[in-house]
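Here the structure is laid out as structure tokens; the discussion comes afterwards.
The values are calculated or read from the model by the stated rules, or taken from the named source; none is laboratory data. Just so it is clear, the model here is predicted, and its values are computed rather than measured. FYI the Cβ positions are ideal-geometry reconstructions off the backbone, even for glycines, and counts take in every protein chain you see. Each accessible area value is taken on the protein alone, full model and side chains, heavy atoms only, with ligands, DNA and RNA left out. Shrake-Rupley method; radii C 1.70, N 1.55, O 1.52, S 1.80 Å.
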Amino acid sequence: MIEVQDLVKKYADCTAVNNVSFSVGKGEFVAVTGRSGSGKSTLLKCVSGLLTPNSGSVLIDGRNIHSLKAAERSVFRNKTAGYVFQSYALEPKYTAFENIEIPMLIGGVSKSARRKRILEVSEFIGISEILKKQAETLSGGEKQRVAIARALVNSPKIIFADEPCGNLDKKTSDAVMNLFLEIKKLGTTIVMVTHQREDALKADKIIEMLDGEIINENI
Ligand SMILES: Nc1ncnc2c1ncn2[C@@H]1O[C@H](COP(=O)(O)OP(=O)(O)OP(=O)(O)O)[C@@H](O)[C@H]1O
Ligand SMILES: [Mg+2]
């Protein structure tokens, strides 16, 4: 499903991802771990098409996403992948409902279909009661779940999640992890960055990074 080959991403003063290769099978749940600054977020952004690497390739279902034109890549991402950012990246003044709606507005989904789908996903995630609240008034755990709902709303084949439990207490973090295991049961492929060993152990495979390189890959 995802084939990453010889990926390199340099910033002005460092090489954040250095010659990384790995593959992820359809429906597989992969955790990416490693200490702060090891290149996890940069890798996730390159693999999902949010950042352009300096070299290397990312094939998703056989298509090299970095050889697509920018507009084509946006459409491809909107239809294929959902992304949960390290810091939620919600629109603070929008309601939870409006935040979750964004990928469907971009995808040109009709108003009635949008509403139906938002209610369905919100029930699945357990946020039906907070849909009318403004994002900036939500708790960390609620924001995280809204961000996950937004990533799921277009029924993507792949979910990329960057430390989805990073700012959460143990109980909420366990609830979010269980949610990912439920999402996996739907057949969704998941690539998740995490600092928590306990969370990584719930994945099918762990990729450990250090200084931009994979130092360990456990299946
Ligand atoms: N936009 C940027 N410009 C310049 N350097 C960057 C940029 N983003 C990240 N870096 C650098 O690239 C390296 C990898 O950063 P990255 O954010 O990928 O690490 P990370 O493993 O996700 O860390 P954390 O666990 O703290 O989130 C770091 O040295 C960081 O300072
Ligand atoms: Mg990071």
Subset of the range 122-140, residues assigned to a helix (DSSP H, G or I) and open to solvent by 90 Å² or more (accessible area, probe 1.4 Å), comes to GLU123, GLU129
Pairing a residue in the range 105-131 that is more than 14 Å from ALA147 (Cα to Cα) with any residue that is outside any helix (DSSP H, G or I) and open to solvent by 30 Å² or more (accessible area, probe 1.4 Å), where Cβ atoms lie under 7 Å and the two sit 6 or more apart in sequence or on different chains, gives GLY107/ASN154
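Taking the criterion of being surrounded by fewer than 18 Cβ atoms within 10 Å (Cβ to Cβ) and within 16 Å of ligand 1 (Cβ to nearest atom), would at least one residue in the range 41-50 satisfy it?
The answer is yes; a qualifying residue exists.
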Unique residue being in contact with a Pro (Cβ under 8 Å, 6 or more places away or on another chain) and either open to solvent by less than 20 Å² (accessible area, probe 1.4 Å) or outside any strand (DSSP E or B) (or both) when the list is VAL176, VAL191 = VAL176
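Step by step: first the residues of the range 68-78, then only those that are surrounded by 13 or more Cβ atoms within 10 Å (Cβ to Cβ) and of a type in the set (D, E, K, R), then the one that is nearest to GLY27 (Cα to Cα). Which residue is that? Walk me through how you get there before you give the answer.
Taking the range 68-78 as the starting set, the residues that turn out to be surrounded by 13 or more Cβ atoms within 10 Å (Cβ to Cβ) are 68, 73-78.
Okay, now just the ones that are also of a type in the set (D, E, K, R), so 73, 77.
Values: ARG73: 22, ARG77: 17 Å.
Filtering the range 68-78 for residues that are surrounded by 13 or more Cβ atoms within 10 Å (Cβ to Cβ) and of a type in the set (D, E, K, R), the one nearest to GLY27 (Cα to Cα) comes out as ARG77.
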Considering only the range 1-43, how many residues are within 22 Å of VAL84 (Cα to Cα) and not in a strand (DSSP E or B)?
-> 15
Restrict the check to the range 10-29 and report whether at least one residue is more than 8 Å from ligand 1 (Cβ to nearest atom), of a type in the set (D, E, K, R), touching a residue at least 40 places away in the same chain (Cβ under 8 Å) and over 24 Å from CYS165 (Cα atoms).
-> yes
Could you please let me know if GLN196 is within 16 Å of ligand 2 (Cβ to nearest atom), of a type in the set (S, T, N, Q) and open to solvent by less than 60 Å² (accessible area, probe 1.4 Å)?
-> no
Filter the range 52-67 for residues that are open to solvent by less than 30 Å² (accessible area, probe 1.4 Å) and not in a helix (DSSP H, G or I); the one that is farthest from ILE2 (Cα to Cα) is PRO53
Going through the range 106-116 in order, the residues found to be within 19 Å of the chain's Cα centre (by Cα) and either over 23 Å from GLU72 (Cα atoms) or part of a helix (DSSP H, G or I) (or both) are ILE106
Which one of ALA151, ALA203 is touching a residue at least 24 places away in the same chain (Cβ under 8 Å), crowded, with 17+ Cβ neighbours inside 10 Å, away from ligand 1 (no atom under 16 Å from the Cβ) and assigned to a helix (DSSP H, G or I)?
-> ALA151
Any hit, the range 51-58, residues being within 16 Å of ligand 2 (Cβ to nearest atom), over 12 Å from GLY212 (Cα atoms) and modelled with pLDDT of 95 or more = yes
Yes or no: LEU90 more than 16 Å from ligand 1 (Cβ to nearest atom), touching a helix residue (DSSP H, G or I) at 6+ places or on another chain (Cβ under 8 Å), open to solvent by less than 60 Å² (accessible area, probe 1.4 Å) and under 26 Å from HIS195 (Cα atoms)?
-> yes
